[in-house]
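Please read the structure below before turning to the comments.
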Amino acid sequence: MDKKIVYSAIQPSGSLTIGNYIGALSNFGNLQEEYDCIYCIADMHAITMPQEPKDLRKNTLDVISLYLAAGLDPEKSILYIQSHVPQHTELGWVLNTISSLGQLQRMTQFKDKSQKSKEILAGILNYPVLMAADILLYQTSYVPVGEDQRQHIELTRDLAQKFNSRYSDTFTIPEMMTPKVGARIMSLQNPESKMSKSDSDVNSYILILDSEDDTRRKIKRAVTDSVGEIKYNDEQPGLKNLINIYSSFSGKSTDEIVEYYKNSNYGIFKEDLAEVVVEGLRPIRTKFKEIREDKEYLEKIYRDGAEKASYLANKTLRKVYKKVGFIGR
Ligand code: AQP
């Protein structure tokens, strides 16, 4: 690998939303021309929240198919399933031994997810350490993720610096890469919280694989406000979020959108938005169907991907094991 490395992952913890698409997936294809890209389906992260095994299997294959449908080329990028590369948990353990409990407990995602669970599980607490291992194993320079991952990337950088200064230079210090618009797409029902695939309210998100009718219906039902004017500001968070979605799918700036709709009402704006989203997702929805049916093709891709990823991951892990004082086999 000669170019700088880009690494990102998505959990198969449900079917992917347009938040996952705008914040992450839609940017992945362009990056593979300029960088060596590694994309992971983070099934080990997904089990930090309860998963139905058969759904996890289905969602894992769906996510690979979506990666491919969104334009990832397996000849250019490495695409693999996290549980196929055991070096992730091996490095994760080493990083756990230098992670501070206080810092892990301060992670917003840990606080949010543990509030939603009856029992606070250690996996949710250690999630960002495994994520740090994912990124650091590949000597990653850039991590394209949504804004919600900022704290986790900071932790990854802290752990890399801590290890490097304790044992000598080992890890590249990664930087975050976020889209200009749409780095944080909010719930359609509650614009104070982010759109999440595991939200219990199906109207809060649009899935990449939703039908066109469901897409239109969910946009129609999206929460706005009683102001009645199309403006882009924090006092109208529901509308602001819809304008961001419009902007991401159309490539138009938020100013252009506001100017165009300044004399319209919310109904007309939402109808147009629904068409923009439906049109934007149509090619990926069509390609997904073809790819998802070809089990042999998918299997070949994730097997080859795991082999390439393991080779790279092993190089870093050997160095780490040597530096901490383990005797080589
Ligand atoms: N609402 C969002 N807006 C912009 N980007 C988002 N991402 C997630 N939600 C939004 C980005 O999608 C990538 C994959 O995320 P993930 O599946 O690894 O985990 P997540 O961030 O926890 O996503 P969800 O949908 O909220 O999943 P659940 O509900 O399972 O926790 C990341 O790059 C993320 O930034």
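Note down, for the range 110-222, the three equivalent ellipsoid semi-axes (square root of 5 times each alpha carbon gyration tensor eigenvalue), biggest first, whole angstrom.
34, 18, 11
Quick check for me: using +1 on Lys/Arg Cβ and -1 on Asp/Glu Cβ, what's the dipole size of the range 204-329 about its Cα centre, in debye to the nearest 20?
1260
How large is the Kirkwood hydrodynamic radius of the chain, counting all unique pairs of alpha carbons, in Å? Write out the running numbers ahead of the final one.
Values: mean 1/r = 0.0480 Å⁻¹.
Answer for the chain: a Kirkwood hydrodynamic radius of 20.8 Å.
Which of Ser196, Ser83, Ser204 moves most in a GNM of the chain, Cα contacts under 10 Å?
Ser83
Might you report the magnitude of the Cβ-based charge dipole of the chain about its Cα centre, with Lys and Arg at +1 and Asp and Glu at -1, to the nearest 20 debye?
1100
Working out 0.36 nm times the residue gap between Lys315 and Glu279, then minus their Cα-Cα distance, what length gain in nm do you get to one decimal?
8.6 nm
Looking at Gly267, Gly280, Val227, which one has the Cα that reaches farthest to the positive end of the dipole of the range 202-289 (charges on Cβ: Lys, Arg +1; Asp, Glu -1)?
Result: Gly280.
For the range 203-234, list residues with backbone N below 15 Å from a point placed 7 Å from the Cα of Glu259 toward its Cβ?
The answer is 232, whose backbone nitrogens lie closer than 15 Å to the label point.
Could I get the Rg over Rh figure for the range 173-320? Both from C-alpha atoms, Rh via Kirkwood, rounded to two places.
Details: Rg = 19.6 Å, Rh = 17.9 Å.
Value, to two decimals: 1.10.
Give a quick list of GluC sites (Glu not before Pro) in the range 148-238 that DSSP marks as loop, anything other than H, G, I, E or B, with at most 12 other Cβ atoms within 10 Å.
Glu192, Glu235
Going by average Cβ neighbours within 10 Å, how do the peptides 73-80, 112-119, 248-255, 4-11 rank, with the highest at the top?
Values: 73-80: 18.6, 112-119: 11.1, 248-255: 15.6, 4-11: 22.2.
In descending order of packing, they fall as 4-11, 73-80, 248-255, 112-119.
To the nearest 500 deg cm²/dmol, what mean residue ellipticity at 222 nm is calculated for the chain from DSSP H runs of n ≥ 4 alone, each contributing -39,500 (n - 2.57), summed and divided by the residues? List each step's numbers first, then the result.
Working: 13 runs with 178 residues, N = 329.
Dividing the helical sum by the residues of the chain leaves -17500 deg cm²/dmol.
Towards the positive end of the charge dipole of the chain, with charges on Cβ (+1 Lys, Arg; -1 Asp, Glu), say which of Ile98, Gly146, Pro12 has the farthest Cα.
Farthest along the dipole direction, towards plus: Ile98.
Taking 27 Å as the cut-off for C-alpha to C-alpha distance, list the pairs among Lys54/Lys113; Lys76/Lys194; Lys194/Lys218 that go past it. Before the final figure, lay out each step's value.
Working: Lys54/Lys113 22 Å; Lys76/Lys194 32 Å; Lys194/Lys218 16 Å.
From Lys54/Lys113; Lys76/Lys194; Lys194/Lys218, over 27 Å: Lys76/Lys194.
Could you check what % of the DSSP bridge pairs in the chain are antiparallel, to the nearest 5?
Restricted to the chain, the bridges split so that about 10 percent are antiparallel.
Treat the range 202-289 as a sphere of radius equal to its Kirkwood radius over Cα pairs and apply Stokes-Einstein at 10 °C in a medium of 1.306 mPa s; give the translational diffusion coefficient in µm²/s, rounded to a whole number. Before the final figure, lay out the partial values.
Values: Rh = 13.4 Å.
Approximately 119 µm²/s, per Stokes-Einstein.
A short reminder: the numbers here are calculations on the coordinates, not readings from a lab. Because the structure is a prediction, the values reported are computed rather than measured. Please note: Cβ atoms are built from the backbone with ideal geometry, for glycine as well, and neighbour counts cover all protein chains shown.
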